[in-house]
Amino acid sequence: MSTPPNARGEQIASLDGIRAIAVMMVMAAHAGLEHIVPGGLGVTIFFVLSGYLITTLMRLEQRRTGTLDFRAFYLRRFLRLGPPLLIVVGVAGLAAAFGLIAGGFSRDGLLAVLFYYGNYHMIATDFDGVPAGIGVVWSLAVEEHYYLFYPPLALLLMRRRTPRGAGLALLSACALVLVWRLILVRAGASEAYLTMATDTRIDAILGGCALAFLNNPYLDPPPLRTRRDLALALACVALLVASLLWRDPLFRVTLRYSVQSLAVAGLLWLAVAYGRRLRWLNAPLPVYLGTVSYTLYLSHQVIDLALLKHWPSLPWYAVLPLTLALSLAVAEPMRRWVERPCARLRRQLERRAPARAARVPAFLESGK
């Protein structure tokens, strides 16, 4: 059994750099550059990265203990994701009540956001019942549904299948999701459903899971071949560009998501395989933005739409830096006074748990 690199838990900074790219794509699109910057692709990057990281964590734990500690897994997820969400939701509700942003929480809207079925609520109501900007939590609902069903499936796959067999099974599931999108299009499903429903978007996360099983550069470091890897990078970029330029409506709500997930998985493989050689991903600014990307994602559109509500003529080149600065003013205190204490609490609780609980690399715990 090979020993994974960074087994002591050192940070793989390129992953934070990828998070930074994803969140900045979403923020730029929401600031008024959606015709140039594909914000939806940023969400797909988050999805693929999440599947890859969670599955790598699970494979490490299963190697060490022979099983998965579901209690520890759900505790980590709750303490990582829950407190920032509660705070941002509370602040957004107050801002709406004082007229700083449009809209406000209805009872159904608040419950949908807090209990992670906001994507289906927003599909059904066209974002009614939530303050302006909170709609970004649709993607959190997709990920939360994945967190709920995936751990038992992952354990079953690791016990019953080889890594290759598990990866192929997950790729088959991705193909079934694509077929399901095609069926829904023929049945007249709305674009909102095809874009935000868990059953239509989960394949991006499962694609990241498949990568973690089939060819995981963290667990099984590959030989680096410059020409081959450059060709892979160019092919992935070409796929992404083609997926953005091809404007056929059917393609955009069906095959586009599959093509983009495949291309992102290839680029993610390169980022992990080359680690710190990708210096531009390891610079202090992208590393920091990646570290606080979860709060940036949660809060940025509330801030964005608050600015535009009061100064509707602001151009994108004013909205984007103002939104980034104000979002960072939320994210940094959140990191210091909420996320770090929650991480310490989780470690204290895990130390009291049975000795078989696995210690996981820090970089795997840091991301959404």
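Here, each number is a calculation from the coordinates, and none is a lab measurement. Predicted model only: the values in this text are computed from it and were never measured. Reconstructed Cβ throughout: ideal geometry from the backbone, glycine too, with neighbour counts over all protein chains shown.
Pairs of Cα atoms under 8 Å, at least six residues apart: use those to get the relative contact order of the chain, whole percent.
Working: 488 pairs, mean separation 123.9, N = 368.
RCO, the chain: 34 percent.
Could you pull out every whole DSSP H run in the chain that spans at least 24 Å of Cα extent along its own axis and averages 0.0 or higher on the Kyte-Doolittle scale?
Working: long enough: 39-65 (39 Å, 0.63); 70-97 (39 Å, 1.20); 138-160 (33 Å, 0.32); 163-186 (35 Å, 1.49); 226-245 (28 Å, 1.62); 255-274 (29 Å, 1.26); 293-310 (26 Å, 0.41); 316-334 (26 Å, 1.37).
Qualifying helices: 39-65, 70-97, 138-160, 163-186, 226-245, 255-274, 293-310, 316-334.
Work through the residues other than Tyr74 whose Cβ is under 13 Å from its Cβ and net out their charges, Lys, Arg +1 and Asp, Glu -1. Before the final figure, lay out the partial values.
Values: positive: Arg71, Arg76, Arg77, Arg80, Arg346; negative: Asp69, Glu144, Glu350.
The answer is +2.
Can you find, among Pro223, Leu244, Ala96, the residue sitting farthest towards the positive end of the charge dipole of the chain, where Lys and Arg contribute +1 and Asp and Glu -1 at Cβ?
It is Pro223.
When N counts the residues of the chain, how does its alpha-carbon radius of gyration compare numerically with 2.2 N^0.38 Å, as a ratio? Each step should come with its number before you reach the end.
Numbers: Rg = 20.1 Å, N = 368, 2.2 N^0.38 = 20.8 Å.
Compactness ratio reported: 0.97.
What distance in nm lies between label points placed 7 Å from Cα along the C-beta direction at Asn215 and Arg161?
Taking the two extended label points, one gets 1.7 nm.
Just to be sure I understand the model, the point goes 7 Å from the Cα along the line to the Cβ. What's the resulting Arg227 to Asp126 distance in nm?
Taking the two extended label points, one gets 5.7 nm.
Treating only the Cα positions of region 14-159 as identical point scatterers, give the base-10 log of I(q)/I(0) from the Debye formula at each q in 0.09, 0.20, 0.21 Å⁻¹.
-0.35, -1.30, -1.35
Which value in nm describes the separation of the simple spin-label points at Leu86 and Trp311, placed 7 Å from the Cα toward the beta carbon?
If labels sit at Leu86 and Trp311, their model points lie 3.4 nm apart.
I need the calculated FRET efficiency for the pair Trp337 and Arg276, taking r as the beta carbon distance and R₀ as 35 Å, to the nearest 0.05. Before the final figure, lay out each step's value.
Details: r = 30 Å, r/R0 = 0.86.
The value I calculate is 0.70.
Let's test the formula: R0 of 35 Å, r as the Cβ-Cβ distance of Leu168 and Phe78. What FRET efficiency results, to the nearest 0.05? Don't jump to the answer; show the numbers that get you there.
Numbers: r = 32 Å, r/R0 = 0.91.
E(calc), rounded to 0.05, equals 0.65.
Quote the FRET efficiency, to the nearest 0.05, computed for Thr65 versus Phe149 with a Förster distance R0 of 30 Å and r equal to the Cβ-Cβ distance.
Values: r = 21 Å, r/R0 = 0.71.
The formula returns an efficiency of 0.90 here.
So what's the net charge close to Arg159: Lys and Arg +1, Asp and Glu -1, counting the other residues with Cβ under 14 Å from its Cβ? All intermediate terms of the calculation are to be shown ahead of the outcome.
Values: positive: Arg59, Arg63, Arg160, Arg161; negative: Glu61.
Spelling it out: positives minus negatives among the neighbours equals +3.
Mind checking the dipole of the chain: about its Cα centre, +1 per Lys or Arg Cβ, -1 per Asp or Glu Cβ, Debye to the nearest 20? List each step's numbers first, then the result.
Working: 38 positive and 21 negative charges, 323 e Å.
Around 1540 debye, computed over the chain.
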